[in-house]
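The next block holds one structure in the form of structure tokens; read it before the comments.
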Amino acid sequence: MCGAANSTEDVHASPAPAQPNAADANENANAPTSPANDEPRDENAVELSAMLAALRELRGEMKSAIDSPLMPNRQQRVLELLRDRPALAHRCGVFPEVLPSLVEANPPVAIELVLCLARDHPAPSNNLPAFFESLVSMPTSLHSMEVVNRLVSDASELLPNEFIRAYVSGCVASCSPNADGASTPTSSPGGDGMLTGGGASGGGLSPSVSSGSSSGGRMVRLVCMFLQLLGRKKRLLRGPDGAAAVTQFCVENMRTKEAAALYRLLGAANEEPVGGDVVGGVVEESCGEVGTP
């Protein structure tokens, strides 16, 4: 009984208050409270979770975009993901060797991807030269010209002269009678208006070029219009090799009005003072299929 009484007394007895220590009081006053200390970590966790979710979604959509054209709403979603989080372009699963497939299936997505890789997000991709080489190596087509046209329009300063020179040479070579593998011009599934000259790039290539002519004739006209657009944007390279090849191309196709217009552009540029390594100028009699400058 005495033991029980003592136990009850011990439980309910209030211990004597401890005397406060001045050093402990100061330390407790300076220490951050728990909610404020946890808030930055909570924000970082939420941001990391959102980024990982966006990356998973982007990778899934890019896998589909490489294989086939996306529906407009899905294509727009991919563009939103890249524009909102451009750093994800470095981890989205698209490598240089599959870029041509993405260009042909979804040109707007390919454009946005290369722009993200070329800009400081957080730094230009180490694989950027390989992506440019992939564009040069793929068969010349309407879609590849669309992509390069937009890259020149939106980020001309990021494109090396060597890339422009090599791509122009490939375009000219694709129109040779002996050329193999040039793609027949087609419209762009889920495009963004660039094909009709009404896009944000300020000029485009029309797929409805002389529908009664051969595919070779359509390619000649499209290449001529593309080269005119480069001339308008001061990116049609001068120099002994490039100028001679383009001039010869124009002479060989002089019966085509687009080739004649390009030849006049080259002639006007040669009469101007040389201020750099580009051909400039605007052809007054530009063809209707070429977008407005």
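The values are calculated or read from the model by the stated rules, or taken from the named source; none is laboratory data. For clarity, every value in this text was computed on a predicted model and none was experimentally measured. Quick reminder, even Gly has a Cβ in these numbers, built from the backbone with ideal geometry, and neighbours come from all protein chains shown. What goes into the accessible areas is simple: the full protein's heavy atoms, side chains included, and nothing from ligands, DNA or RNA. Shrake-Rupley method; radii C 1.70, N 1.55, O 1.52, S 1.80 Å.
Answer yes or no: is there a residue in the stretch 280-292 that is at pLDDT 90 or above and open to solvent by less than 80 Å² (accessible area, probe 1.4 Å). Reasoning before the result, please.
Going through the stretch 280-292, the residues at pLDDT 90 or above turn out to be none.
No.
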### Selection count where residues are closer than 10 Å to N106 by Cβ and of a type outside the set (D, E, K, R), scope the stretch 47-78
9
#### Entry: Tabulated pairs, the stretch 123-139, first closer than 19 Å to G170 by Cβ, second among the aliphatic types (A, V, I, L, M) and outside any helix (DSSP H, G or I), C-beta under 6 angstrom, 6+ apart or interchain
P139/A182
#### Entry: Filtered residues of the stretch 124-158 (kept if under 15 Å from P96 (Cα atoms), hydrophobic (A, V, I, L, M, F, W, C) and at pLDDT below 95)
L128
### Query
Residues of the stretch 159-179 being under 25 Å from A87 (Cα atoms) and crowded, with 17+ Cβ neighbours inside 10 Å, which ones?
L159, F163
### Query
When S169 is evaluated against the numbered criteria (1) of a type in the set (G, A, S); (2) under 15 Å from the mean Cα position of the chain (by Cα); (3) at pLDDT 90 or above, which criterion, by number, is the only one it fails?
(2)
### Test set (1) over 26 Å from G60 (Cβ atoms); (2) open to solvent by 40 Å² or more (accessible area, probe 1.4 Å) - F95 fails condition number
(1)
### Cross-chain or 6+ apart pairs with Cβ under 7 Å, the stretch 237-252 first and closer than 13 Å to I164 by Cα and outside any helix (DSSP H, G or I), then open to solvent by less than 20 Å² (accessible area, probe 1.4 Å) and at pLDDT 65 or above
L237/I164; L237/V168
